[in-house]
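Asks: Below is one structure. I have some questions about it.
The values are calculated or read from the model by the stated rules, or taken from the named source; none is laboratory data. Note that this is a predicted model, so its numbers are computed, not measured. Cβ sites come from the backbone with ideal geometry, for glycine too, and all protein chains shown count toward neighbours.
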Amino acid sequence: MSDALVAFWVDTDYDRENTSDGISRYGAYLRDAAFEPWTDNDRAVEWAEFAWRRATGPVMSPGYVRCHPRVRGARLQRNGWDGSLIASVRLACSWPDQLMATLTRSLALGGDAAYWHDWPTGYLSGGTCYYEPGEADLASRPYLLTTLSLQFTVPSVALPEPPADASARLGAAQQAVAVLVGELNRIVGPVLGALSGCHSLAGEQD
């Protein structure tokens, strides 16, 4: 997987250093919500969905799980068809060459203000970040934002069952998140590598 990048990772240091209970900031967010499974089956899948939702934005900001700047969203949910776990991941990407050439020709006579603009970017913690254009941006220029939508089933064999004891809740959630991060990186990482020109892991993750 030399062409893969890190799409997701757990920020354990921030979680430990910014906790209100001396143990885990993520644990506090887990206690704030009830786990209410929909079915008697597929409990590990539903627990993983719950653990991921509590570990990421908009619930946690910043999240227990951090993501590559190109990741614009990552949702996990139980598949009502067969009880498996479905992932939907959106990645910011540049325009395809054919689209870029077509848009350049079609707007070449319209002046600078008429040109479509790609994702706004900034520089944060040593790496490029992508962000949605704000009101000031949109007032001055039009944007055409392209994304890749990855939708796939996440293997669930290694996911833990939801704990019967409340005291084991944090550990079971952390285990579920660790499994999910590993599986998502395995699938999404190579796509990020292709988009980012296979930059170094350290440079892309920061």
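Asks: Restricting the range 106-123 to residues that are of a type outside the set (A, V, I, L, M, F, W, C), modelled with pLDDT under 85 and outside any strand (DSSP E or B), which is nearest to residue 45 (Cα to Cα)?
Replies: My answer is 115.
Asks: Take the residues of the range 33-55 that are more than 22 Å from the chain's Cα centre (by Cα) and exposed (fewer than 15 other Cβ atoms within 10 Å of the Cβ): which is nearest to residue 156 (Cα to Cα)?
Replies: Step by step, filter the range 33-55, then rank; the result is 41.
Asks: If you don't mind, there's one more thing I want to ask. When the residues of the range 35-58 are narrowed to those that are of a type in the set (Val, Ile, Thr) and either modelled with pLDDT under 90 or in a loop (DSSP other than H, G, I, E, B) (or both), which ends up nearest to residue 72 (Cα to Cα)?
Replies: 56
Asks: Return yes or no: is residue 76 touching a helix residue (DSSP H, G or I) at 6+ places or on another chain (Cβ under 7 Å), part of a loop (DSSP other than H, G, I, E, B) and within 24 Å of residue 189 (Cβ to Cβ)?
Replies: no
Asks: So, one more: Identify the residue in the range 148-168 that is in contact with a Lys or Arg (Cβ under 8 Å, 6 or more places away or on another chain) and surrounded by 14 or more Cβ atoms within 10 Å (Cβ to Cβ) and, among all such residues, is modelled with the highest pLDDT.
Replies: Residue satisfying both the conditions and the ranking: 150.
Asks: Could you tell me which of the residues 91, 103 is of a type in the set (A, V, I, L, M), modelled with pLDDT of 85 or more and surrounded by 14 or more Cβ atoms within 10 Å (Cβ to Cβ)?
Replies: 91
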